[in-house]
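The values are calculated or read from the model by the stated rules, or taken from the named source; none is laboratory data. No experiment lies behind these values; they were computed from the predicted model shown. Cβ coordinates were reconstructed from backbone atoms using ideal geometry, including for glycine residues, and neighbour counts include every protein chain displayed.
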Amino acid sequence: MNKSLTFELLALIRAAKQGLAMADIQASMPGLARRTAQRHLAKGIQSGVLVGQGEGRGRRYLLADRGRYGSTVPTALLLQETPDKAPAFPSWIPLSLDSLDVLRYVDQDLGARKPVGYQHDFLAAYEPGRTWYLSEPLRRQLHKMGKTSAVNAPAGTYSRAILNRLLIDLSWASSHLEGNTYSRLDTLQLIQHGQVAQGKAALETQMILNHRAAIELLVNNIDTVGLNRYTLMNIHSALSENLLPDQEDEGRVRQHAVHIGQSVYRPLSGSAQLEAGLDTLLQKAGLIPDPFEQSFFMMVHLPYLQPFADMNKRSSRLAANLPLFRANLCPLTFLDVPEQAYSRATLGVYEMTRVELLRDLYTWAYQRSTHEYSSIQQNLTEPDPHRLKWRNFIKQCVREAVQQPLADPLKHVQTQVALHIPQDEQAPVFALLVNELGRLHEGVLARYGLKPSEFALWKARSE
């Protein structure tokens, strides 16, 4: 079935609330033969996208079951691919007709798409609190899906509680979107046990480890990080460590032009313009009142601006999670998001400044993430209030104890607790510290800012 014709026909029928008769269709599409129109309409009815009402000349065609689909139609009903050609966008991800219009454009060959540069009006026209990429009903739906038991707890409580699982899922899925061939199990072995997968390129291992460092940076510093230059530069620095040709590009705005493969989009090249654009982007992001709109805004505008020499999409995926971490919402891990689908959704932003395809993918991906984490939520225990209140002190105290291998760790802990903790809380905090030192192992060293060599020396001295 001709996709272009199908899109035009569906758009025409969708615009008519009372449906269209064959005579109406032929009047609107005079070049369309009656038999061709009948064949496409019959195919639409057969696939469940359209319904026909009435008989003979009075028969009218309407979009099927608006109550079920609303303005969104399952992609499988519209993109009927031949068996020998895999769909560029998976059929199980529901897309609106607007999104399908974007997909139709970006699926064309490069030569059929018009070269385009950075559109300043795209960001300039966005007014936080007044412009919404995510509609109010969609935001309500996302909040309902992402609500956790820690909704009223201090910022970052939920992300800390699920950190071990989050490190694996987000590191693996985000790296997979960049072509990394590590499996989820490989990623688990690397993150939890330091075991490098056999037969993998060094850059793939580095990419996973960099994701881990960037995620830990956000979760462990949730009280001080935000959608600002400091946070964004350090996210990029963590993600790009040992992966860029020029180490000077780590964590700074690029000083040269970049080219985006398989796209006709030409990003800004002047560093002064990039600096100004990034300042505007972050200023507007900080004023957005809803965490999901904030999250999606970063997914849209950070890659579009391309402020870094590389790793712009990776940086946007982690930055998009920060508002969710702070609001104790389920994270967006990008589990099972197909690389080709993500690429096309981003191309829609690059080449058309249209967000619909990325929005539908974001919604599906978030629902997929919440399904993964629903079972975790049921097993989470309430966080220890003393551990939560004194978490920074506990980390510092453990770090200092390990970094002084010749000193008695228990005496050090006892002294620090007496100096810094109110008397009525000293006993439980001291007990927590003793427990933390007793269960210290290589898998939690980053939490305390410790190096494996420091831990090995301390352990050897204490045995």
Open item on the list: Condition first: under 12 Å from the mean Cα position of the chain (by Cα) and of a type outside the set (S, T, N, Q). Can you find one or more residues in the stretch 288-295 that meet it?
Closed with: yes
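Going through the stretch 156-209 one residue at a time, which ones are hydrophobic (A, V, I, L, M, F, W, C) and under 19 Å from the mean Cα position of the chain (by Cα)? Lay out the reasoning, then the answer.
We begin by selecting, within the stretch 156-209, every residue hydrophobic (A, V, I, L, M, F, W, C); these are 161-163, 166-168, 170, 172-173, 177, 185, 188, 190-191, 196-197, 201-203, 207-209.
162, 163, 166, 167, 168, 170, 172, 173, 177, 207, 208, 209, listed by residue number.
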TODO: Count, please, the residues in the stretch 427-459 that happen to be small (Gly, Ala, Ser) and either touching a strand residue (DSSP E or B) at 6+ places or on another chain (Cβ under 9 Å) or touching a residue at least 40 places away in the same chain (Cβ under 8 Å) (or both).
DONE: 3
Open item on the list: Looking only at the stretch 309-352, how many residues end up being of a type outside the set (A, V, I, L, M) and assigned to a loop (DSSP other than H, G, I, E, B)?
Closed with: 8
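Quick one: count up the residues across the stretch 393-410 that are in a helix (DSSP H, G or I) and without any contact (Cβ under 8 Å) to a residue 24 or more places away in the chain.
Applying the first criterion (in a helix (DSSP H, G or I)) to the stretch 393-410 yields 393-403, 409-410.
If we keep only those that are without any contact (Cβ under 8 Å) to a residue 24 or more places away in the chain too, we end up with 396, 400.
Total satisfying the criteria: 2.
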Open item on the list: Filter the stretch 137-150 down to the residues that are more than 23 Å from residue 301 (Cβ to Cβ), in a helix (DSSP H, G or I) and in contact (Cβ under 8 Å) with a residue 12 or more places away in the chain and list them by number.
Closed with: 145
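Does residue 308 fit the bill of being more than 28 Å from residue 248 (Cα to Cα), buried (at least 24 other Cβ atoms within 10 Å of the Cβ) and among the hydrophobic types (A, V, I, L, M, F, W, C)? Explain how you work it out, then say what you get.
Numbers: more than 28 Å from residue 248 (Cα to Cα): no; buried (at least 24 other Cβ atoms within 10 Å of the Cβ): yes; among the hydrophobic types (A, V, I, L, M, F, W, C): yes.
Against the criterion (more than 28 Å from residue 248 (Cα to Cα), buried (at least 24 other Cβ atoms within 10 Å of the Cβ) and among the hydrophobic types (A, V, I, L, M, F, W, C)), residue 308 does not qualify.
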Open item on the list: For residue 332, only one of the following conditions fails: (1) surrounded by 21 or more Cβ atoms within 10 Å (Cβ to Cβ); (2) under 14 Å from the mean Cα position of the chain (by Cα); (3) touching a residue at least 60 places away in the same chain (Cβ under 8 Å). What is its number?
Closed with: (3)
- [ ] Report those helices (runs of 4 or more DSSP H) wholly inside the stretch 217-306 carrying at least 2 residues which are in the same structural domain as residue 130 (by TED's automatic domain parsing) and free of Cβ contacts under 8 Å to residues at least 24 places away in the same chain.
- [x] 229-240, 271-287
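Among the residues of the stretch 124-136, count how many are in a helix (DSSP H, G or I) and either under 13 Å from residue 290 (Cα atoms) or under 18 Å from the mean Cα position of the chain (by Cα) (or both). Outline the logic, then answer.
First, pick out the residues of the stretch 124-136 that are in a helix (DSSP H, G or I): 124, 136.
If we keep only those that are either under 13 Å from residue 290 (Cα atoms) or under 18 Å from the mean Cα position of the chain (by Cα) (or both) as well, we get 136.
Qualifying residue count for the region: 1.
Quick grid of which residues meet (1) closer than 17 Å to residue 213 by Cα; (2) touching a Phe, Trp or Tyr at 6+ places or on another chain (Cβ under 9 Å); (3) buried (at least 17 other Cβ atoms within 10 Å of the Cβ); (4) in the same structural domain as residue 310 (by TED's automatic domain parsing):
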| site | (1), (2), (3), (4) |
| --- | --- |
| 155 | no, yes, no, yes |
| 164 | yes, no, no, yes |
| 170 | yes, yes, yes, yes |
| 173 | yes, yes, yes, yes |
- [ ] Would you point out which residue out of 32, 97, 41 is under 32 Å from the mean Cα position of the chain (by Cα) and either at pLDDT 80 or above or over 28 Å from residue 135 (Cβ atoms) (or both)?
- [x] 97
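Can you tell me which residue in the stretch 100-118 is surrounded by the fewest Cβ atoms within 10 Å (Cβ to Cβ), limited to those that are part of a loop (DSSP other than H, G, I, E, B) and under 23 Å from the mean Cα position of the chain (by Cα)? Full working, then the answer.
Our first condition is that a residue be part of a loop (DSSP other than H, G, I, E, B); within the stretch 100-118, this holds for 107-109, 113-115, 118.
The next check asks that each one be under 23 Å from the mean Cα position of the chain (by Cα); those that pass are 107, 118.
Working: 107: 16, 118: 19.
Restricting to residues being part of a loop (DSSP other than H, G, I, E, B) and under 23 Å from the mean Cα position of the chain (by Cα), the top hit is 107.
Assess whether residue 329 counts as being of a type in the set (A, V, I, L, M), closer than 18 Å to residue 239 by Cβ and either touching a Lys or Arg at 6+ places or on another chain (Cβ under 8 Å) or assigned by TED's automatic domain parsing to the domain that holds residue 351 (or both).
Numbers: of a type in the set (A, V, I, L, M): yes; closer than 18 Å to residue 239 by Cβ: no; either touching a Lys or Arg at 6+ places or on another chain (Cβ under 8 Å) or assigned by TED's automatic domain parsing to the domain that holds residue 351 (or both): yes.
No: the conditions fail for residue 329.
Does at least one position in the stretch 442-452 carry a residue that is in contact with a Gly (Cβ under 9 Å, 6 or more places away or on another chain), surrounded by 14 or more Cβ atoms within 10 Å (Cβ to Cβ) and over 30 Å from residue 114 (Cβ atoms)?
Going through the stretch 442-452, the residues in contact with a Gly (Cβ under 9 Å, 6 or more places away or on another chain) turn out to be 442-443, 452.
Retained after the next criterion (residues that are surrounded by 14 or more Cβ atoms within 10 Å (Cβ to Cβ)): 442.
Pick out the ones that are also over 30 Å from residue 114 (Cβ atoms) and you get 442.
Yes: the stretch 442-452 contains one or more residues that are in contact with a Gly (Cβ under 9 Å, 6 or more places away or on another chain), surrounded by 14 or more Cβ atoms within 10 Å (Cβ to Cβ) and over 30 Å from residue 114 (Cβ atoms).
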Task: Residue satisfying all of: in the stretch 44-66; over 15 Å from residue 9 (Cα atoms) and assigned to a helix (DSSP H, G or I); modelled with the highest pLDDT among these - done: 58
